[in-house]
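Presented below is the structure to which this report refers.
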Amino acid sequence: MAAQRHLSERHHPPEQTVGATIEELRELVKTTFITYVYVVDGGGRLLGIVTMRDLLFSNHAAALRNVMFRDPFALQADMPIMDAMKLTLDRHYPVYPVIDAEKRLVGLVRGQSMFEAQAIEISLQAGSMVGLEKEERLNTPVVRSLKMRHPWLQFNLLTAFLAAAVVGLFQETIDRLVILALFLPVLAGQSGNTGCQALAVTLRGMTLGEMKSGAARPLVSKETWLGMMNGAGVGLMAALGMYITAVGQHQERPFMLAFVVFAAMVFSCIASGLSGALVPLTLKRMGFDPATASSIFLTTATDCVSMGTLLLLATVLVR
């Protein structure tokens, strides 16, 4: 974590009096907003802080060591910004001192600056989910952008062939029930959206430090139930659409076709919700960036499961 020095925060020796400190700050406060006074020893080690309120209402003859807060909360200079965010979520201080391994005050960082940096990190996830590198910007040269993007597109093409192979296994069923081809993209789209919702929530929780020990199992359980309930809701509408279409085309057993669509939608949304939670969790456990091309893996899982389930149920139940 990069520490920033701010002229608005002052550090002073512990033996300095309150009155002398106020006089020193008298001119500075006219042009600069001061939040804390930091008390350090001769070696620059942080001993405590004094708020402006305590400074103004304390006896002017008192030494800073007698009015300071001792052993204040501080961030380590070599701490990743993600870890710093986790430690500051419940504190909400305007400024945090940054110390080194020897507890020397090396800089200050504003809470707003950390949250702004984290907001940028979150905004970059949308690109990394589909294979865009964080280093790519609007002015990145075309050749470099091509090198960063194209390998992931080739990988995505490979996974698309996998989904096509699943559909190919049921070519006979499609030839017999062409109406199913109309609902394959519907099923894939709905289950894909369900998975993307779970993926976004999981990645956001990881980014904000909400994925503490033991949080994975409740998350997976929650996404399972949400997938089932969402699948049932959209499945009813999709089943109604299938029934109307089947009746209009004079298909045999329209009720069974509608049931097949409903059951496939419920199962696919359950699988998609699980995939949306498990893909980033698995990548993190394996030591990879959870956001890296995660939507490509998710799309592969949702397409294969949704299309395979619909065609398998149709093959077994509609004869």
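Quick note: the coordinates plus some simple rules give every number you see, no bench work behind them. Values in this document were obtained by computation on a predicted structure and should not be read as measured data. We place every Cβ from the backbone using ideal geometry, glycine too, and count neighbours over all the protein chains shown.
Scanning residues 5 or more positions from L47 or on other chains, those with amide H under 5 Å from its amide H are V39, V40, D41, with H placed 1.01 Å from N in the peptide plane.
For the cross-link pairs K86/K222; K86/K147; K86/K284, the ones whose C-alpha atoms lie over 29 Å apart are K86/K147. Here is the list for the range 155-256: trypsin sites (Lys or Arg not before Pro) lying in DSSP coil, each with at most 15 other C-beta atoms within 10 angstrom of its C-beta, are K212.
Classify the range 137-283: rounded, prolate or oblate, from the alpha-carbon gyration tensor (a ≥ b ≥ c, eigenvalue square roots; a/c under 1.5 rounded; otherwise prolate if a/b is larger than b/c)? Oblate.
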